[in-house]
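The values are calculated or read from the model by the stated rules, or taken from the named source; none is laboratory data. Treat the numbers as computed from the prediction; the structure is a model and nothing was measured. Backbone-built Cβ (ideal geometry, glycine too); neighbour counts: all protein chains shown. Protein only, heavy atoms only, side chains kept; ligands, DNA and RNA dropped before computing areas. Shrake-Rupley method; radii C 1.70, N 1.55, O 1.52, S 1.80 Å.
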Amino acid sequence: MAINDNAVYFAEYGTIFYAEPGTALPANGLKGFHLTDTEVASAGSDGKKWKNLGHTSNSNKIEINLEGGESDSFRSWLKSNLKTKKSSDGSMTITANALQMDAETLKLIFNGTDTTNGVGANVNSDPKELAIVVITQETQNSTEPVFGFHFPKTKVSPSGGPQLNDDFIEQGLTATVESPGTGKPDFEFLLLQ
């Protein structure tokens, strides 16, 4: 493998974009997203757009967790490590803490609805099905992100209730990655091309 100093990044700034599952990425991929865009048009002719989730916690940054998917090694009396077999399926989640306590964010996380006084939510509401893109960049004023992730199908639900810290109020969310369909990857790394 070649040594590539230009493929080493800091995730100093970033955001999450979301859309309906099946929404195409912009025609120019990662370059189509910009940190402060409120919406980004997809490459599809259906008029679908990616929306920016807005402010997320810097002290509790976005985490992408992959668990399971382990393999076990089996030996024979004659040979150690004769065969390896996958012993469990893997699962992936994205966790983030939203800072914007506005109606759009709360309805998204809690799968809530508008009420006369704000947003109503149920404790046992169904998760919201979304496609997610996470972008990162090294400087706030960069013209394009340096790295990203695309999750074509997730189920989003709240991660606990609002956290009333010494810092900003935070509302956690967890997105569980699901298979988008046969022959399609569960997620992809978005690289500058």
- Taking the reciprocal of mean 1/r across every pair of different Cα atoms in the chain, the Kirkwood radius in Å is 18.6 Å
- Item | Sites matching chymotrypsin sites (Phe, Trp or Tyr not before Pro) across the stretch 32-89 that sit in DSSP coil, with at most 10 neighbouring C-beta atoms within 10 Å | Trp77
- Between Leu82, Leu173, Leu30, find the one with the highest GNM mean-square fluctuation for the chain; connect C-alpha pairs within less than 10 Å. Leu82
- Hey, what's the chain come to in accessible area per residue, 1.4 Å probe, Å²? 63 Å²
- Item | Of Lys51, Lys85, Lys107, the one that fluctuates the most in a GNM where the chain has Cα springs shorter than 10 Å | Lys85
- Query: Under 5 Å between amide H atoms, partner at least 5 residues away or on a different chain: which partners does Glu129 have, H built in plane at 1.01 Å?
  - Reply: Val156
- Note on the structure: Under a Gaussian network model of the chain whose springs join Cα atoms within less than 10 Å, the largest fluctuation of Ala19, Ala98, Ala41 belongs to Ala41
- Task: Summarise the accessible area of the stretch 82-127 (1.4 Å probe, protein heavy atoms) by the percent that is carbon and sulfur.
- Result: 46 percent
- Note on the structure: Computed, not fitted: 222 nm per-residue ellipticity of the chain from DSSP H runs ≥ 4 (each -39500 (n - 2.57)), nearest 500, equal to -1000 deg cm²/dmol
- Rounded to the nearest 0.05, FRET efficiency between Thr143 and Asn58 (Cβ-Cβ, R0 22 Å) equals 0.55
- Write down, largest first, the equivalent ellipsoid semi-axes of the stretch 97-145 in whole Å, where each equals the square root of 5 times an eigenvalue of the alpha-carbon gyration tensor. 29, 14, 8
- HN-Hα J couplings of the stretch 36-52 from phi, Karplus 6.51/-1.76/1.60, θ = phi - 60°, integer Hz, Gly and Pro as x? 9, 5, 7, 9, 10, 6, 7, 6, x, 8, 8, x, 5, 10, 8, 10, 7
- Return the ratio Rg/(2.2 N^0.38 Å) for the stretch 1-94, where Rg is computed over Cα atoms only. 1.66
- Task: Note down the Stokes-Einstein diffusion coefficient of the stretch 97-193 in µm²/s, whole number, using a Kirkwood radius over alpha carbon pairs, 20 °C, and 1.002 mPa s.
- Result: 140 µm²/s
- Message: For the pairs Lys49/Lys155; Lys51/Lys153; Lys31/Lys128; Lys85/Lys155, flag any whose C-alpha to C-alpha distance is greater than 22 Å.
- Response: Lys31/Lys128; Lys85/Lys155
- For the stretch 160-191 and the stretch 54-85, distance of Cα centres in Å: 19 Å
